[in-house]
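Encoded as structure tokens, the structure appears first; notes follow it.
The values are calculated or read from the model by the stated rules, or taken from the named source; none is laboratory data. Predicted model only: the values in this text are computed from it and were never measured. For neighbour counting, all protein chains shown are included, and Cβ atoms are generated from backbone atoms with ideal geometry for every residue, glycine included.
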Amino acid sequence: MGTRNHTLNRCAFRLGRLIGGGELEEGEAVAALRGRATDRGLSVREIERTIASGMAAGRHHPRSSPT
């Protein structure tokens with residue numbers, strides 16, 4: 001695992017927090033992450049596992065936008 005995978009995981013975690021807080025639609029976030037990760041040369045298997053893991057962790061720490 002290199003910096004690309006770490007970056008994908010970090011982004012998935014942050015988006016997962018917003019999804020958990022009801023601020024973001026999961027399908028759109030996943031599609032955007034998949035596209036960027038594919039452009040960066042990560043394998044499909046690595047992308048799917050990393051996004052799933054990062055988002056699951058993020059949903060356990062939900063975040064809403066300040067009002």
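A few comments on the model shown:
- Whichever residue in segment 30-60 is exposed (fewer than 14 other Cβ atoms within 10 Å of the Cβ) and among the hydrophobic types (A, V, I, L, M, F, W, C) and, among such residues, is farthest from the chain's Cα centre (by Cα): V44
- On inspection, G27 fails the criterion of being surrounded by fewer than 13 Cβ atoms within 10 Å (Cβ to Cβ), at pLDDT below 95 and not hydrophobic (A, V, I, L, M, F, W, C).
- Scanning segment 14-49 for residues that are touching a His at 6+ places or on another chain (Cβ under 9 Å) and within 23 Å of T3 (Cα to Cα) returns G16, R17.
- The residues of segment 50-67 that are among the polar types (S, T, N, Q) and either within 16 Å of T3 (Cβ to Cβ) or at pLDDT below 95 (or both), listed by number, are T50, S64, S65, T67.
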